[in-house]
Amino acid sequence: MIPLKQIRNFCIIAHIDHGKSTLADRLLELTKTVDPRHMKAQLLDQMELERERGITIKLQPVRMEYNGYILNLIDTPGHVDFTYEVSRSLAAVEGALLLVDASQGIEAQTLANLYLALDQNLTIIPVINKIDLPNANVDQVRADLVQLLGCRPEEILAVSAKTGLNVEQIIAAVIGRVPPPVGDTTAPVQMLVFDSFYDTYKGVVVYGRVFNGTIQHHEQLKLMARSVVSDVEEIGYFKPGLTPRESLQAGEIGYIVTGLRDIQHSRVGDTVTTVRQPATQAVPGYRELKPMVFAGIYCKEGDAYEELRDAISKVALTDASLVYEPDHSEALGFGFRCGFLGMLHLEIFQERIRREHHVAIVVTAPSVAYRVTLSKAGIHNRQRKDKRFSGTTIVVTNPHELPEATHIDRVEEPWMRVDIVTPSSSIGPIMTMVQEKRGVFSTTEYLDAEKAVLHYEVPLASLLVDFYDTLKSISAGYASLNYDFLNYRPCVVQRMDIIVAEDPVEALASIVYSADAYRIGRTVVDQLKEVIPRQMFEVKIQASLGGKIIASSRISAMRKDVTAKLYGGDVTRKRKLLEKQKKGKQRMRSMGTVDIPPEAYRAVLKR
Ligand code: GTP
């Protein structure tokens with residue numbers, strides 16, 4: 001039995017790339033948690049995708065021992081699309097290291113994650129990282145942190161996660177400043193599930209923080225949300241690999257192999273208790289997340305639906321912010337309508353389906369969720385199709401569900417509260433850019449003479465297309481961004497269809513602002529012309545708005561010189577050959593289908 005006062009639970013929060021995973025490496029070395037022979041850079045980033053891109057996508061817990069103390073650390077992602085991972089980690093710990101890059105200073109996610117941690121009443125330990133860099137500005141960052149946190153300058157640690165300089169001070173601060181967990185080891189078990197994954201051999205494995213009680217190997221556990229009972233087939237903690245032991249007690253962070261095969265049984269935010277001594281109350285879970293961006297996911301090969309379903313449900317188990325439901329489309333067959341927290345989330349999801357589950361997919365153009373108030377005719381029409389329909393508004397996330405204009409009274413779109421942290425020198429260009437994207441300015445705050453936070457209100461649809469990339473390029477990479485849902489506001493939109501070789505391509509349909517439709521139609525058509533390969537026949541590419549063609553272009557046919565074999569002379573033979581070729585092409589055009597390459601979908605997104 002470990003006395004609670006010997007346990008500390010904490011996580012590292014920071015803006016993207018400020019060095020969380022690197023600092024975690026140094027802590028693992030210092031506490032000798034990992035054999036030096038097995039040490040590699042950013043050890044906690046275990047997914048192949050994380051290592052390749054150098055970003056953390058998943059939270060990752062690890063247990064360290066130091067001078068008789070148990071230190072449970074959770075490494076968290078820094079990108080705004082993965083904030084849900086951060087908020088879940090925060091509920092499992094008592095303290096947070098707030099890491100700030102000495103050369104970059106405070107950024108948008110530094111602020112966003114700090115506020116999340118303060119909401120949970122966590123003890124904050126401010127740490128300035130990368131002090132080894134020649135352009136480190138430790139004094140300035142320290143002054144900014146003092147102003148932000150209202151702490152004393154000496155409370156702020158200054159380290160280099162790369163060289164290891166001063167990192168032992170962090171361990172001392174965690175032991176000295178973060179309060180030990182409180183809990184009763186003899187009370188009924190309450191373990192909050194903050195993550196889970198599916199292992200082919202072990203079944204569902206849940207990660208959790210025990211708030212009360214002691215849970216033993218081999219006893220029966222109960223998942224409280226759905227009263228599912230199962231055996232504790234294995235129990236243990238993270239070193240950082242799964243390391244079995246006999247029990248987990250109040251205050252500890254660990255995992256349980258549940259033996260459950262049905263992944264629907266386990267939910268992040270659920271509470272585990274025991275059958276022997278069940279708890280009467282679950283621990284407060286997490287707020288349900290509302291997805292921001294929707295896209296249809298379909299199989300490239302028609303018969304892979306089962307595999308796709310299996311792949312999506314397995315990814316969903318480790319990705320608590322993913323929302324999905326079955327969907328069917330005339331052109332694309334059976335698939336799923338999925339909701340994501342942002343574009344990076346969507347991108348990572350696609351990659352995971354392809355790489356981890358080897359299913360070839362088609363992803364439709366992403367859309368936000370529009371709230372459509374129906375006109376009288378629209379309500380009538382709905383009721384005819386669906387007898388149970390009694391409302392006046394519907395939520396539309398799929399361009400094909402947008403009712404025709406006469407059935408619509410009003411459409412509203414989601415707006416976001418956007419905070420941009422930027423060097424003062426880039427304020428001008430940023431203001432112009434955000435205004436072009438329909439953003440409405442609210443206020444500016446200065447963190448110091450060099451750095452400001454701009455507060456904006458921006459339609460989510462504008463944030464999806466190129467906002468982040470443009471912001472980065474006009475600020476030479478220095479500005480950073482965070483956003484949050486604000487409210488719904490009226491907008492004027494229409495569905496735009498893309499027609500390739502006389503065939504509407506369902507996956508390329510999108511909902512666009514009516515005022516921008518002509519410009520967007522033109523851009524998309526031109527871009528498609530660049531990426532669709534030439535065929536043996538002429539291919540027409542068109543954008544259509546409410547049945548009217550608004551932009552069009554052609555890809556000319558590949559030309560084979562059928563007359564090459566003729567030597568001089570007879571004109572009629574030459575003409576005959578050309579006539580034959582022309583007929584052949586006509587026939588091909590009527591039968592030919594064009595295989596649209598994946599770059600085409602990307603081109604439409606980057607319009
Ligand atoms: P995300 O997980 O993507 O949010 O990033 P992170 O915060 O985990 O950052 P990571 O540890 O991946 O570090 C980002 C980059 O900064 C890497 O190239 C590190 O090598 C580098 N880095 C981290 N700490 C230091 C430091 O103390 N000094 C220097 N010079 N570089 C550092």
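From the list 235, 215, 253, the lone residue that is more than 24 Å from residue 85 (Cα to Cα) and buried (at least 20 other Cβ atoms within 10 Å of the Cβ) is 215.
Just checking, how many residues over the stretch 394-408 are without any contact (Cβ under 8 Å) to a residue 60 or more places away in the chain and surrounded by 15 or more Cβ atoms within 10 Å (Cβ to Cβ)? Number of matching residues: 5.
Mind checking which residues of the stretch 534-548 are closer than 25 Å to residue 465 by Cβ and in contact (Cβ under 8 Å) with a residue 24 or more places away in the chain? Matches in the stretch 534-548: 541, 542, 543, 544, 545, 546. Among residues of the stretch 117-171 being part of a loop (DSSP other than H, G, I, E, B) and of a type in the set (S, T, N, Q), the one that is farthest from the ligand (Cβ to nearest atom) is 121.
Can you run down the residue pairs with Cβ atoms below 8 Å, 6 or more apart or on separate chains, where the first is in the stretch 24-40 and farther than 14 Å from residue 164 by Cα and the partner is away from the ligand (no atom under 14 Å from the Cβ)? Pairs found: 33/63; 33/64; 33/65; 33/239; 33/240; 34/239; 34/240.
If the condition is being among the polar types (S, T, N, Q), over 22 Å from the mean Cα position of the chain (by Cα) and assigned to a strand (DSSP E or B), then the stretch 472-500 contributes only 494. In summary, residue 42 fulfils each of the numbered conditions (1) modelled with pLDDT of 85 or more; (2) of a type outside the set (Lys, Arg); (3) near the ligand (Cβ under 7 Å from one of its atoms) with the single exception of condition (1).
Evaluation of residue 266 against the conditions (1) in contact with a strand residue (DSSP E or B) (Cβ under 6 Å, 6 or more places away or on another chain); (2) crowded, with 19+ Cβ neighbours inside 10 Å; (3) farther than 20 Å from residue 230 by Cβ; (4) at pLDDT below 85 shows that the sole unmet condition is (3). Of the strands (runs of 3 or more DSSP E) lying entirely inside the stretch 388-455, those carrying at least 1 residues that are of a type outside the set (Val, Ile, Thr) and modelled with pLDDT of 90 or more are 408-423, 440-446. Going residue by residue through the stretch 502-521, is there one that turns out to be of a type in the set (D, E, K, R) and in contact with a helix residue (DSSP H, G or I) (Cβ under 8 Å, 6 or more places away or on another chain)? Yes: one or more hits. Of the residues that sit in the stretch 62-105 and are part of a strand (DSSP E or B) and at pLDDT below 90, which one is nearest to the chain's Cα centre (by Cα)? It comes out as 75. Filtering the stretch 174-199 to residues that are among the small types (Gly, Ala, Ser), outside any loop (DSSP other than H, G, I, E, B) and surrounded by fewer than 20 Cβ atoms within 10 Å (Cβ to Cβ) leaves only 176. Scanning the stretch 437-465 for residues that are in contact with a helix residue (DSSP H, G or I) (Cβ under 9 Å, 6 or more places away or on another chain) and within 22 Å of residue 493 (Cβ to Cβ) yields 437, 438, 439, 440, 456, 458, 462, 463, 464, 465.
Condition check for residue 379 on (1) within 30 Å of residue 109 (Cα to Cα); (2) touching a residue at least 12 places away in the same chain (Cβ under 8 Å); (3) not in a strand (DSSP E or B); (4) not aromatic (Phe, Trp, Tyr): one failure, at (1). In the stretch 428-440, the residues that are touching a residue at least 24 places away in the same chain (Cβ under 8 Å) reach residues that are part of a strand (DSSP E or B) and surrounded by 19 or more Cβ atoms within 10 Å (Cβ to Cβ) with C-beta atoms within less than 7 angstrom, at least six apart or across chains, in these pairs: 430/420; 430/422; 430/454; 434/456; 434/458; 437/458; 438/458; 438/459. Being out of contact with any Gly (no Cβ under 6 Å at 6 or more places or on another chain), crowded, with 17+ Cβ neighbours inside 10 Å, without any contact (Cβ under 8 Å) to a residue 60 or more places away in the chain and charged (D, E, K, R) is a condition met by at least one residue of the stretch 455-469.
The values are calculated or read from the model by the stated rules, or taken from the named source; none is laboratory data. On a predicted model such as this, the values are computed, not experimentally measured, just so you know. Because the Cβ atoms are built from the backbone with ideal geometry, glycine has one as well, and the counts that use them run over all protein chains shown.
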